[in-house]
Amino acid sequence: MTRAFPPAGNGPRVLVLHGPNLGALGRRDPAHYGTFDLDAITARLDALAAELGVAVEGLQSDHEGELVEALLGARAGGVAAVVINPGALAHTSYAVRDAVEACGVPVVEVHLSNVHARERFRHRLAIAPVAAGVVAGLGPASYELGLRAAAGLIARG
């Protein structure tokens, strides 16, 4: 399933990508991910975007190729930065890693849970070495801090 979140705000565009299984937030493993859903995260990001002077738009996909295409098309599509929660692809996807590295705009990786306090296989992040930064373990605030970081990276040029 793929779900697009329409642009909100004015200013440089920030693309927010949500990877596999994140469409199930609110009902998936609340002990790790909380009870909020993507609509709640989107509303918080829309409000913050107005404060930061950026425009956010989003895409949630359970399909790795769609995320790769969104990353590789970001710069040509006028996106100034990306915030991505790759979900489990963070640990396994060299395709997403390579697209982050090649996309031509700063990318901030975010995770709702503290991946380093979870199962051992989650400790390794394949994308992190090519991301501008990583925010993890703060629930929905991870996205908000990721957006703040992206806006700062845009401002620095």
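In the chain, the DSSP-assigned H stretches of four residues or longer account for a calculated mean residue ellipticity at 222 nm of -11000 deg cm²/dmol, using -39500 (n - 2.57) per stretch and the full residue count as denominator. The convex hull around the C-alpha trace of the stretch 70-157, projected and averaged over every direction, spans 5.3 square nanometres.
Which residues among the stretch 76-103 fall inside the zone where the amide N is under 18 Å from a point 7 Å beyond the Cα of Arg120, along Cα→Cβ? Backbone N within reach: 91-92.
In this simple spin-label model, placing a label point 7 Å from the Cα along the Cα-to-Cβ direction at both Ala50 and Glu66 gives a separation of 2.8 nm. Build a GNM of the chain with springs between Cα atoms under 10 Å: which of Glu64, Glu51, Glu109 gets the top mean-square fluctuation? Evaluated over the chain, the most mobile residue of the options is Glu51.
A Cβ-based charge dipole, computed about the Cα centre of the chain with Lys and Arg at +1 and Asp and Glu at -1, lands at about 340 debye.
Close amide H contacts of Val110 (hydrogens built in the peptide plane, cut-off under 5 Å, sequence separation of 5 or more or a different chain): Ile84, Asn85, Val135.
Each value in this text was obtained by applying a stated rule to the coordinates, not by laboratory testing. This structure is a prediction, so every number in the text was calculated from the model and none was measured. Heads up, the Cβs are rebuilt from the backbone with ideal geometry, glycines too, and the neighbour counts pull from every protein chain shown.
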